[in-house]
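Structure first, commentary second.
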């Protein structure tokens, strides 16, 4: 595929796992590694067309801030390939626990089938829950399909609420709609809340603010994502397993690249 065509494909890609999108984006950007102006334009295009993807923003910021873009792309791909968040989560889940998830969380959905001793309550957010229920049933996981109206009741009966972040900032995160309500009920019922955030999802404040402004420009009740305050989260799960929020935030490795938000390349 021609570099421009690959870039256009990735910029418009929807419904693919974040790792797939970032991998394809990295390959597209490699074609512009020797063209600084073209690289900036390509990165802006990706960020403008994938405004809610912290991993894409992380990739582009690292490439633009690197002295050797091609070598940095290789490092990013290596780090993505070596991400142990899924296995760390699967190992850390409490034995015989009842776990609530919302919709179809990308990383958590990979970890849950690895445990045969848990019950999963899948809340049908965005119409994605039923699909995850079918997948877990095929993996012999004890699972219950919960309608959205039952979110609060499910959390009240759970041992753990497992949410997943599209992006994590110093004081808040972006997660699927319903996450804030689930976390608030969990706090009231003293049920622990874990937030899954794999490689490339932690952003510094100066990169988070323009992303937040873009994603949440419309009425928040009409969106598929929402803001989750981190003071409702007990632990963030990454490659090293569950960690206290402050400790987990120390692995934020996205540099600040304000040029990504200058202009609107469509």
*Could you list, in sequence order, the residues of the range 234-250 that are in a loop (DSSP other than H, G, I, E, B) and within 14 Å of residue 199 (Cβ to Cβ)?*
239, 240
*asked:* Restricting to the range 28-50, name every residue that is in a loop (DSSP other than H, G, I, E, B) and either at pLDDT 90 or above or over 22 Å from the mean Cα position of the chain (by Cα) (or both).
replied: 31, 32, 33, 34, 35
*Quick one: which residue in 129, 152 is out of contact with any strand residue (DSSP E or B) (no Cβ under 7 Å at 6 or more places or on another chain) and surrounded by 14 or more Cβ atoms within 10 Å (Cβ to Cβ)?*
152
*Subset of the range 199-211 (residues that are under 16 Å from the mean Cα position of the chain (by Cα) and either part of a helix (DSSP H, G or I) or without any contact (Cβ under 8 Å) to a residue 24 or more places away in the chain (or both))*: 207, 208, 211
*Residue count for the range 212-233, restricted to those that are part of a helix (DSSP H, G or I) and under 22 Å from residue 50 (Cβ atoms)*: 6
*Here are 182, 175: which of them is in contact with a strand residue (DSSP E or B) (Cβ under 7 Å, 6 or more places away or on another chain), more than 21 Å from residue 61 (Cα to Cα) and in a helix (DSSP H, G or I)?*
182
*What number of residues within the range 94-110 are touching a residue at least 60 places away in the same chain (Cβ under 8 Å) and buried (at least 21 other Cβ atoms within 10 Å of the Cβ)?*
8
*If residue 91 passes every condition in (1) more than 16 Å from residue 144 (Cβ to Cβ); (2) surrounded by fewer than 17 Cβ atoms within 10 Å (Cβ to Cβ); (3) free of Cβ contacts under 8 Å to residues at least 40 places away in the same chain but one, which one does it miss?*
(3)
*asked:* So, residue 127, is that one closer than 22 Å to residue 222 by Cβ, outside any helix (DSSP H, G or I) and in the same structural domain as residue 222 (by TED's automatic domain parsing) or not?
replied: yes
*Run down 120, 63 and say which single residue is buried (at least 19 other Cβ atoms within 10 Å of the Cβ) and out of contact with any strand residue (DSSP E or B) (no Cβ under 9 Å at 6 or more places or on another chain).*
63
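The values are calculated or read from the model by the stated rules, or taken from the named source; none is laboratory data. Predicted model only: the values in this text are computed from it and were never measured. When we count neighbours, we look across all protein chains shown, and the Cβ atoms used for this are built from the backbone with ideal geometry, even at glycine.
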